[in-house]
Amino acid sequence: MDIEIRQGLAEARALAAEHWRALLAYIGLGVLVPFLLLSSEPIFNLRTIIALMVNTYGTYISGSITGPLYLLGIVSVIVAGAMFAAWNAILAEFREGYISEIMYGMVAGAAYLIVIILLYFSIGVIATLPILLTIGIAEWNALAGSFVDGAYRLALVVLGTWIEARLCLTGAIMGAGGRLNPFSTIAESWRATGQAQWRLFGFYLAFGTVFGLMLGGLILVHSAVIWKNAQAPGSALEIAMSFAWILLLAAYFLGKILVAAGFLRAAGPRRAAAEVFA
C-alpha cells in the first residue's frame, strides 16, 4: 500500500469542496470556542506574557496553576472532539447529523488524547533516560543553549515528526468507521504508512516548519502591536490581531483534518484522475 502526496492533497481539496459547511461548523467548535475560552485566562494573554518577560517582579497574576491546567484540559478535549467529529462527517459513508458526530467526536477524541499522551510521554522518558543516567540533570542543564543541547532537541523534533507521519491516519481511520479504539487504528496507520513513511515524513516536516514560521511571525507582529499600544489594550489593531490568530489556527486545524483524510483516501484503491480531481 502506497500513499502519493499529490493524490492525497487532491483528495483533501475534493473533500473540502464537498463538505465545506460541516468543516466551517467544526472550525467554530474546534477553533473559535477554545480561542475564546483561553482568552478568558490572563496567563494565556500575550500582553501578560510580555509584561512578565519585561518586568518579572512588577507583574503579578492571581490564582493558582490548577485553573489554567484545567482549562487546557477542557480545550484539548474540545479540539480533539471537533477533529474527530469532522473526520466522521467527511469520511463516514452515511452522515448521522451534527449531534451524533459531536457526541462521537468527544468520546473518540478523549480516548485518542489519553493514548497519544501516554505514547509520547513514554517516548520522551525513553529518549531522556540515557542522558539523565549518564550525566545527570544538573550537568544537562548546564549544557542548555550549547551545540549538544541543540542537536538533541533537533533529534527529538525529527523523531516526533517521523512518529507523526507514521500515525497520521489514525484519527481519519477512527472517524471514517466511527471507531472508538485508538490502539487498533494506530496499528493500521503504522502498517498503511510503512511504504511511504519518508515521503510523509518530509511532508509533515515541511508542514510543521511552515506553520512554525507563520506562528513565530504572528507572535512578533502581535508583540510589536502590544509594545506600541502598551497603554491601550483592546484597540482596533489588537482586535484585528485576534482575528489573525483565529485565521492561522483555523488553517492549521483544517490542514490537520483534510491532509489526514486525503492521505487515507489516497491509501485506498487507485481512482481515475478525473475522479481524484473532481
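Could you run through region 90-119 and say how many residues are more than 18 Å from Lys256 (Cα to Cα), in contact with a helix residue (DSSP H, G or I) (Cβ under 8 Å, 6 or more places away or on another chain) and hydroxyl-bearing (Ser, Thr, Tyr)? The number of residues fulfilling the criteria is 2.
Would you confirm whether or not region 41-55 contains a residue that is surrounded by 13 or more Cβ atoms within 10 Å (Cβ to Cβ), at pLDDT below 80, over 24 Å from the mean Cα position of the chain (by Cα) and more than 21 Å from Ser242 (Cα to Cα)? No, the conditions are met nowhere in region 41-55. With a requirement of 3 or more residues that are at negative phi and exposed (fewer than 15 other Cβ atoms within 10 Å of the Cβ), the helices (runs of 4 or more DSSP H) lying completely within region 155-271 that satisfy it span 182-192, 197-228, 236-266. Scanning region 190-202 for residues that are touching a residue at least 12 places away in the same chain (Cβ under 8 Å) and farther than 14 Å from Ile163 by Cβ yields Arg191, Ala192, Gln195, Ala196, Arg199. Within region 21-40, the residues that satisfy the criterion of being of a type in the set (A, V, I, L, M, F, W, C), more than 17 Å from the chain's Cα centre (by Cα) and at pLDDT below 95 are Leu36, Leu37. Pairs linking a residue in region 162-183 that is more than 14 Å from Ile102 (Cα to Cα) and touching a residue at least 12 places away in the same chain (Cβ under 8 Å) to a residue that is surrounded by fewer than 21 Cβ atoms within 10 Å (Cβ to Cβ) and basic (Lys, Arg), with Cβ atoms under 8 Å and 6 or more positions apart or on different chains, are Ile173/Arg179.
The values are calculated or read from the model by the stated rules, or taken from the named source; none is laboratory data. In this text, all values refer to a predicted model and were calculated from it rather than measured experimentally. FYI the Cβ positions are ideal-geometry reconstructions off the backbone, even for glycines, and counts take in every protein chain you see.
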